[in-house]
Amino acid sequence: MTISTMRTGHDTFDVTIRENNTETRHGVVLTDSLHKELAQANVTKEECVRGAVRFLLSRDKKEDIFRRFDVATIETFFPDFRQKIGALLEPARP
């Protein structure tokens, strides 16, 4: 499975999830303030978005993920999101 992100605005991203010759597309919002709360300084917003999507994929099929969502709403559905997101983030490579 691959997760691709493309920034479309300061806080907005298009995310494509590809698996087994199928794909889904999602519009995702991540604000600077939430990015700072969730990630270490060396994790980009793009990687934070991918980590959030990986978190959702650990609980749902790609087809069941909302087509548009704000990362801030994830913990409404999954209260353990903030505790688990750190393990799903990869620091940006120099």
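The values are calculated or read from the model by the stated rules, or taken from the named source; none is laboratory data. What you see is a predicted model, and the numbers here were worked out from it, not measured in a lab. Virtual Cβ from ideal backbone geometry, glycine too; neighbours counted across all protein chains shown. Accessible surface areas use protein heavy atoms only, side chains included; no ligands, DNA or RNA. Shrake-Rupley method; radii C 1.70, N 1.55, O 1.52, S 1.80 Å.
Working only within the stretch 18-31, note down all residues that are open to solvent by 40 Å² or more (accessible area, probe 1.4 Å), over 22 Å from Gln83 (Cβ atoms) and either modelled with pLDDT of 95 or more or among the charged types (D, E, K, R) (or both).
Arg18, Glu19, Thr22, Glu23, Arg25, listed by residue number.
I'd like the full set of residues that are in a strand (DSSP E or B) and open to solvent by less than 80 Å² (accessible area, probe 1.4 Å), limited to the stretch 1-17.
Thr2, Ile3, Ser4, Thr5, Thr12, Phe13, Asp14, Val15, Thr16, Ile17, listed by residue number.
List the helices (runs of 4 or more DSSP H) that sit entirely inside the stretch 45-94 and contain at least 3 residues that are open to solvent by less than 80 Å² (accessible area, probe 1.4 Å).
45-57
Scan the stretch 19-44 for residues that are without any contact (Cβ under 8 Å) to a residue 12 or more places away in the chain, part of a loop (DSSP other than H, G, I, E, B) and among the polar types (S, T, N, Q) and jot them down.
Asn20, Asn21
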